[in-house]
Each structure stands twice: as structure tokens, then as C-alpha cells.
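This report refers to the structure that appears directly beneath it.
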Amino acid sequence: MTDHSATIAPGRGDQRGHTDESSGSHPVLSKDIWSDHDARSFGAPVESAPLVSIGGGMGSFAFTHILRIAGLTAHDVRVISDIDRPYETYELLCRNSQIPAYERIRSDSGSMMDNIWGFPGYALRETFNRGLRRRAGLTGLGRALAPSWNVLLEPIGVDYYTPMSSQVFESCDREMVRLNWPGHLLPGTARNIRRRQEGGYFTVYLPRDRTRRQLRIVQSQHLHVSVGYPGLRFLPDLQRYRTEYGDSTSVVNAYEEHEHVYDQLRARGGTVIVRGSGIVAIRIVQRLLDDRAAGANLTIVHLFRNYVENSQGSGFQRRRGRRGFAYQGFNYPKSGWGGQLFDQMMRTESPEGRSAIIRRTGGTNIPHRRAWEKSLTAGLNGGWYRQLQGEVESVVPGHPGTVSRVRSANGSTQEVFADFIIDGTGLEADPREHRLLADLLDHGGAGINGSGRLDVDRNFEVRGTRSGSGRLYAIGAATLGGYVAPVDSFLGLQLASLLVADDLARQGFCKRIGPIRSTRQWWRWARNVAP
């Protein structure tokens, strides 16, 4: 998960599949465009709202936050969500991928979901909490100033500053109160989207209230979709193993709950294979190295499909590479959020050109961390951390654990025995794997871009879905390949939301966020006053 800001589809239920027993059999669902009569014939209560956001995760939160700054109210923007807090799913993914509250995520000081202005950033807040608020005194002044000093010096001589995950959650909690987030919510899970014959959209959703499971419909002029990733993704050979042998204990995904792996390795020792070379995989390896340093008798086999030995790219688009990893401060260069990469490349390139830029500047990479390098060196020198490059031909049960048959680049094969395998290669990204997005592709007029995600225009309107004066927008991971490369990061979600808000302002739906409005709204934010 790049930038650790992406989320799987929010909600407590499985999002995969195209229909469910509650709505899939109704004949009116076969129609792509509904009249008001069609909506009534569906047999569900119909309510209305000017704009509806579907998802309720970080994307919906960023979008709603910006529209409130643009002058809309809680009654103007309703959010269909099956979670109470927008960071709920993201917090779960962080915890499972070994980023507890005290660990730092891959995001910079100014990428704050509660503050689009970026000031004061997380570093200044951390300085304040360490020093002024806790009255650290002169002896603690140096430690208190360290985060702010880090930001001033980065990346020359120091690693990039990144906030702790708890800082993100606490700031979101504060902003939820200021926005009256519960007042926006329509608790439930969106099932279907249909264009309205008279303009606008109908959204069919299943309320979260377990005592009354009757479907409902909300009619809106505009629609916003930010549903995250459909779910977990396993490497094909590991998926075959879990399906064929029914073993979800020995082979696990980094994003699912798998604390039993660390518990057993600490108690009895053993060998674990880690697959992947991105930010999630190194967090897993770091956890295992820490357990080893604390006395656990374990061995880590890190299996690479593509092993990076040297720097990649050329000129100004060059990044370091060694020991199997490509090093980059963030999942994309900072110019992807509003500099040359965004203005002069992503906004002007053809779809094929954008996909090429995304592959060249993004891809699998990790941030440089001195502590990580130190642990890695100790593990390599001690022999309890081994690296192996090759293609996995098969995974079968061992006695105990698993046996992976690995073919190396020279054609030779070897069998690797392990008590556990942890898949840290990513999340499922195919829109067809998400119930709502698949329905939107089948009945809403949406299409697929060159990167295999939803095709959106410069304003993040989903091409082919316009309904009269109504607009349907999408942001987040489902739109990778569009006009913002890091669209599933915190700052990427905010940038995409600003582009949508500008488009809505041109239509007269909300106010334009100019310098005066922006300054006034920052001052309200600073005093914790509602927009």
C-alpha cells in the first residue's frame, strides 16, 4: 500500500460480487436509466439530497471537508458509509501491516486530512505537544524541537519527517467534531447507481440498522464515489495454496489480522518467508527483525521477484537502489502533488503517456530510513535475514508449514521450507472486483482507462456517466491513471477533491475557494469553529 493512505472498501461487509439477495433480482435493475416511476416501483423509500458521497472513508472525508469550506452544509452533502469514523478501515490496515499508533506512516508533515492549508503541520504540532504542552523545560527542548528541525533540514543529512499514525487519527477526530460528521452520514452500504431520466442520480443502499434491512434510495443532483480498494489481493500461487489446501494460518496477507504468526515465532521460533519489496513488506520485515533482536529464534527469508541492485532512471528522475529495494522519499515525487510533474506532464499527457509516467515515477519503492538500514545490515551479517530472488513455481504443505519451489534467474530450482508465508505485495485494485464499481461499469456508462481503473476527466468526472445537469465524480485508488498520479495518498485525495470542488463552483453549486474565503476558513479551523 503506497503512502499508507490508501484503504480497502470501507465497511463491515464483503464488497466483492455484483449483486446480493436483497436487490439483485428486481427487474428494474436491468434498466440503465430510471424514471421517478421506476424508482417508486423498486419498492424502497426514496429520500433526496443535493450531493451524495459514497464510501465514508478518507476520500469522502477529504471531499466533504473541502465542500464545507466551499460553503455547503451537512444537509447539502450526505455520505453513505458503513463505518462511523473515516479512518476506521485505514487504521485497521495500519495495525495489521505493523504500523501501530506510535509508528510513523509514509506521509509528510503537511499532508493533513483535517487541514488543507498544511499549516501548522504535523511536525509543528508534535513540537508543541512534546515541549510547550508538556512543559518539557530546557532539558527537553532539543527533543521537542527535533521534528521541526527535521523538516527544515530534510532531505539533506536527515530522513524525511513523517507523522505517527496516532497523529492522523487524533486530528481527524477533532475535525469530525468541527464538521459534525455524524450529521453527514447515511449509515449503510451502497449497492447500485442509476442515472435519473430527469437528471441526477438514484443510489440504492442497504441501511446498516440490523433490525430493519429494507433497502432505501437516495436521489441526488450530483454523486461522488470514493470506495477505496475492493479487498485483499494474494499472489496467484498463494491464492491457489489457500484455496486448494484451506490453510489460512500458514499463508497470510500482510493486511489481514495475523498476529498469531508473531506469537508463535516468539514462543517457538521458526522460519518465515516475506514476499514483496514495497513499504508494507519492509514493515513486516522490520517487525520480525525487532522480534529477533528481542530474543526470538526466527529466520527471515525475503523473496524478491525483481531484485534492485543499482540506481534506477536517469537525470532528475533517478532514484537510489540497493539490496533489493528502490528508495524514494514518498510513493511519487513531490511535484506529482502540484509541481512540474502535475502541471506540465500529467495534465497535458495522453492516457498512454500518463500511464508511462506513473510507472516511471511510482512503482514499488520504499523510503530511506537509517534505523531500517541498521537492522537490515545486522540481519544480513547475522544470517537470520536472507534474501532470495526468483519465481515461485508452486507452494505445497510441508510437515509442518509450507514448501515453496523457487526457480532462480539461472534456471536452477530450490525448495524453501517455512513455517509461515506473509504476502506483502498489495491490495486488489480491479474495479470489477468491487460490487458497486462493477455495477457502475455495467449500467452507469463508466469506462476503464489505460491503467485498468475508472476513466475520469481533468475534473475527476467519470466519463460517460453524466445525467442531465448532474455529475458523477470519483477519486482515490479506483482512478489511478488519471490526471493526478498519487491519487490514493492523503494529499492526492485532497487535490482531487479541490478539482471537483472547482468544477462544482463553476456550475454554481458551491462557492469558489478564493484567497479571502480560504483565509477566513483557516482562521475558523484554527479556533475550532464550524465552517
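The values are calculated or read from the model by the stated rules, or taken from the named source; none is laboratory data. Everything quoted here is computed from the prediction, not taken from an experiment. Cβ coordinates were reconstructed from backbone atoms using ideal geometry, including for glycine residues, and neighbour counts include every protein chain displayed.
For (1) of a type in the set (Phe, Trp, Tyr); (2) within 19 Å of Glu461 (Cα to Cα); (3) more than 21 Å from the chain's Cα centre (by Cα); (4) outside the structural domain of Ile279 (by TED's automatic domain parsing), each residue gets a yes or a no:
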{"position": "Ser60", "(1), (2), (3), (4)": "no, yes, no, yes"}
{"position": "Arg68", "(1), (2), (3), (4)": "no, no, yes, yes"}
{"position": "Gly71", "(1), (2), (3), (4)": "no, no, yes, yes"}
{"position": "Ala74", "(1), (2), (3), (4)": "no, no, yes, yes"}
{"position": "Asp84", "(1), (2), (3), (4)": "no, no, no, yes"}
{"position": "Tyr87", "(1), (2), (3), (4)": "yes, no, no, yes"}
{"position": "Ile99", "(1), (2), (3), (4)": "no, no, no, yes"}
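Assessment of the stretch 466-482 against the conditions (more than 29 Å from Phe304 (Cα to Cα) and either out of contact with any strand residue (DSSP E or B) (no Cβ under 9 Å at 6 or more places or on another chain) or modelled with pLDDT under 95 (or both)) yields at least one matching residue.
Given the stretch 21-126, what helices (runs of 4 or more DSSP H) lie entirely inside it while holding 3 or more residues that are more than 30 Å from Thr162 (Cβ to Cβ)?
Of the helices (runs of 4 or more DSSP H) lying wholly inside the stretch 21-126, those with at least 3 residues that are more than 30 Å from Thr162 (Cβ to Cβ) span 36-41.
Quick one: in the stretch 468-488, of everything that is surrounded by fewer than 24 Cβ atoms within 10 Å (Cβ to Cβ) and in contact with a Phe, Trp or Tyr (Cβ under 9 Å, 6 or more places away or on another chain), which residue is farthest from Leu427 (Cα to Cα)? This residue is Gly470. Selection over the stretch 269-282 of residues that are at pLDDT 95 or above, surrounded by fewer than 22 Cβ atoms within 10 Å (Cβ to Cβ) and either in a helix (DSSP H, G or I) or not β-branched (Val, Ile, Thr) (or both) gives a count of 2. Of the residues screened, Leu380 is one that is free of Cβ contacts under 8 Å to residues at least 60 places away in the same chain, assigned to a helix (DSSP H, G or I) and either of a type outside the set (D, E, K, R) or closer than 24 Å to Glu256 by Cβ (or both). For the stretch 376-403, a residue qualifies if it is out of contact with any Lys or Arg (no Cβ under 9 Å at 6 or more places or on another chain), under 28 Å from Arg95 (Cβ atoms) and crowded, with 16+ Cβ neighbours inside 10 Å, and the qualifying residues are Gly401, Thr402. Against the list (1) closer than 19 Å to Thr425 by Cα; (2) surrounded by 13 or more Cβ atoms within 10 Å (Cβ to Cβ), the condition Ser355 fails is (1). Working carefully through the options Val529, Val484, Val500, find the one that is over 28 Å from the mean Cα position of the chain (by Cα) and touching a residue at least 12 places away in the same chain (Cβ under 8 Å). Answer to the selection: Val529. For Ile80, the conditions (1) modelled with pLDDT of 95 or more; (2) touching a helix residue (DSSP H, G or I) at 6+ places or on another chain (Cβ under 6 Å) are fulfilled apart from (2). Does Arg453 count as out of contact with any Ser or Thr (no Cβ under 6 Å at 6 or more places or on another chain), charged (D, E, K, R) and touching a residue at least 12 places away in the same chain (Cβ under 8 Å)? The answer is no for Arg453. Here the stretch 207-235 is the region considered, the condition is being hydrophobic (A, V, I, L, M, F, W, C) and at pLDDT 95 or above, and the residue that is farthest from Ser469 (Cα to Cα) is Val227.
For the stretch 462-480, the set of residues classified as assigned to a strand (DSSP E or B) and touching a helix residue (DSSP H, G or I) at 6+ places or on another chain (Cβ under 7 Å) consists of Tyr473 only. Restricting the stretch 483-498 to residues that are part of a helix (DSSP H, G or I) and of a type outside the set (A, V, I, L, M, F, W, C) leaves a set whose member that is modelled with the lowest pLDDT is Gly492.
Do we have any residue at all in the stretch 375-395 that's closer than 24 Å to Val274 by Cβ, among the hydroxyl-bearing types (Ser, Thr, Tyr), assigned by TED's automatic domain parsing to the domain that holds Glu257 and out of contact with any Leu (no Cβ under 9 Å at 6 or more places or on another chain)? Yes. Of the set (1) of a type outside the set (Phe, Trp, Tyr); (2) assigned to a helix (DSSP H, G or I); (3) more than 27 Å from Gly231 (Cα to Cα), all apply to Ile513 but (2).
Picking from Phe417, Phe460, Phe509, which residue would you name as being out of contact with any Lys or Arg (no Cβ under 8 Å at 6 or more places or on another chain), in the same structural domain as Gly269 (by TED's automatic domain parsing) and at pLDDT 95 or above?
Phe417
Restricting attention to the stretch 387-420, the residues that are outside any strand (DSSP E or B) and either aliphatic (A, V, I, L, M) or closer than 25 Å to Thr377 by Cα (or both) total 4.
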